[in-house]
1. Please arrange 403, 548, 176 by counting, for each residue, the other beta carbons lying within 10 Å of its beta carbon, fewest first.
2. Which FRET efficiency, nearest 0.05, do residue 300 and residue 333 yield, Cβ-Cβ r, R0 35 Å?
3. If I stretch the segment between residue 216 and residue 395 completely, what's the gain in nm (0.36 nm per residue apart, minus their alpha carbon distance), one decimal?
4. Let's test the formula: R0 of 25 Å, r as the Cβ-Cβ distance of residue 544 and residue 593. What FRET efficiency results, to the nearest 0.05?
5. Between residue 322 and residue 520, how many nm apart are label points set 7 Å from Cα along the C-beta direction?
6. How would 270, 86, 305 line up from fewest to most surrounding beta-carbon atoms within 10 angstrom?
7. Note the full-extension length gain between residue 287 and residue 425 as 0.36 nm times their separation in residues minus their Cα-Cα distance, in nm to one decimal.
8. Take the alpha-carbon centre of segment 364-401, take the same for segment 424-490, and report the distance between them in whole Å.
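Just so you know, all these numbers are worked out from the coordinates, no wet-lab data involved. These figures come from a predicted structure and were not determined experimentally. Every residue, glycine as well, gets a Cβ built from its backbone with ideal geometry; the counts of neighbours run over all protein chains shown.
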C-alpha cells in the first residue's frame, strides 16, 4: 500500500488507501492476518475478557477481517462498529452480507467513501473511467494486463496520442499509473518484471462499484438486488444469476460480459437483442455450440469473445461487424474462417485455435485455422494466431506492417523464403511462432536475415543438418525461446549462451544427444527452464555460477535421466521444481542420497500424465480454467522427508498457458 501526500501531514484516515495528492509517496505495509485478527478483536470484543472472539461468530468475524485486507484503520473502524452488535451468528452474517450497503450508508464508514471519492476526483478523466471499469469484475478477480487494455480500447476509453505510440501501449501506461496511485495492486509479474495481473482491494472495490452504480457507469450483477436498477447501466458484468434478468432492457448498454457459464443460448439471443449499441461482448466459457444469431446485428461491436466455447462455425454474416477490433476464438472448434472475415478491416487482434493433444507429442498439438485469401486487406492487424500456412498467405503477410504478434503453423520449406521476406516487412514484430507441417519436414533457415526485434520466439520443426542457424547469434533482445522437435545433434546450449536477456528457455524433443552442459556465467537472467521429451538425455551438467536467477525448473519425460543434476545445489534462487513422467530411479533418488542437492528448493511438484484421455479433453472441460489437473499424482511431504517449512504438492504449471503466447 502506498500513502501519497502533499507537504503537510496526512490525515490519519487516509492511511493505506492510496490517496494521491502531489509530492511524495510513503510506503505503508498492510498487516498480516494474525496482526489484523488481534487488532480486530481488541476493538470488536474490548468488553470481553482477553478480547476473545466467541466461537459462534468466529467464521463471520474471520470473513470480515479478510475483507479489510490488512488495512489498520478499516479494521479499527469496522471492529468498533461491531463492538455494539449482539454476539449472534445471524447478526454478524447479516452485517457481512450487507457490507456494501454499510459502506454506502453507515455514517461511521463514510470516511472510506470520502477518501476514495477524493482519489477518484484526483484522477484525470481518462483514468477515472478506466478505474471504474475495473470495479465491475468479481471480487478478487485477477485482471490481465492485455485483456483489460483491449476492453478499454474497444470502449473508447483510451486516447490516441498521435506520436506513433499504439493505443495498447497507452492503455498499459494507464495501468501503471493506477498502480502507482495504489488503486490497483500488481498480483503477478512475468519473470522479466513486467506486470501480468492486477487486483483491486476489496474495500476499494466495494466503494468504487457503489460509485459506478450511482453514476450509471456500470453494474456487477450477482443477485436480485442489482436487477432492479441494472436497466440503467451502460456496462453490465453478470457474475451469477443471469436468468433473473429477463426484464432487462437497455438501449444504452455498451459492455456485456457474462461470467455465468450455464445460461442457455436462447436466453443469450433474447437478452442480446435488446442491446443494439454494444461495443463489448464476452461469452467466454459459456456453454454454446454456435454463434447466437443476433450477434451479427450488433454493428457497433469492437470486442467479441467466444473463447473456450464449443463454437464450430463463424457465419458469413460476420461481414456486418465492420467496427470489430478484437475477435477471440481461442480453444474453440473453429477450423476455418469465412472469406467475409477479410471485410473486417478494423481488426487489430485475431486469435483462433484449439488444442488437439495437450501432452505435445507432435507438432500438431495446437490446431491451426484455415484463413481465406486477401488477408492483405486486414492492414490494422497487430496480432494473428494461429493460422495455417499456404503459398498465397505467406506472400500477403508482408502487407500487414503493423503486426506485432504472429503464430503460423503447417509451414513447408518451400514457403520459408517468401515467409521470411514478409516478416522482414513488419518492423514492430516482436512475438513469432513458426511450426513445420509435420515431424519430417526439414526447415532450412541458414541464410535468412535475423529478426532483431524479436523478444518471443517459438520454432517447432526439424532443422537442416541438425544445427541451429546462424540467425540465433543475433537474437540480442530475446527473452522467451522455445525449440520443439528440432532434431539437433549437437548440444545447443553453448549456441544459446550469448542470449544474456533470456528469461524463459523451453526445449521439447529438440535434442537427440546424451548430455547438456550449462557453463558458469551463462544465462544470467534466466528464470524458467523447461527440458522435455529428450529420450537419449542421461546427464545434465550444471556448473557453479550458471543461471544464477533461475526460479523454476521443469523436467518432463526424460526417461534416461536417472539422477538429479548435481549442480542444482548451486542455484540457490531455485524455488520451484516440476517433474512430469520422470523415471522411478530419478524420483527414488530424491528420497535417498541426492536429497541434499534439492533441499533448498521450497516446492517440488510431481506429475504423471498417464490419463491421456482426460488430458485430451482439456480444451472443452470445466477444468480448463485451472489448466492441468487430471493425471497428476500427489506425493505426501513425508515421502521426501521435507522440512516442516517446505511443502510438496501438485498444482498447475505455467507452461501450457505461456505456450504460443496464448495469454489474453
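1. The order, fewest Cβ neighbours first, is 176, 548, 403.
2. After rounding to 0.05, the efficiency reads 0.80.
3. 59.5 nm
4. Efficiency, from the Cβ-Cβ distance: 0.80.
5. The two pseudo-label positions are separated by 6.8 nm.
6. 86, 270, 305
7. Net length gain for the segment: 45.6 nm.
8. So the separation of the two Cα centres works out to 18 Å.
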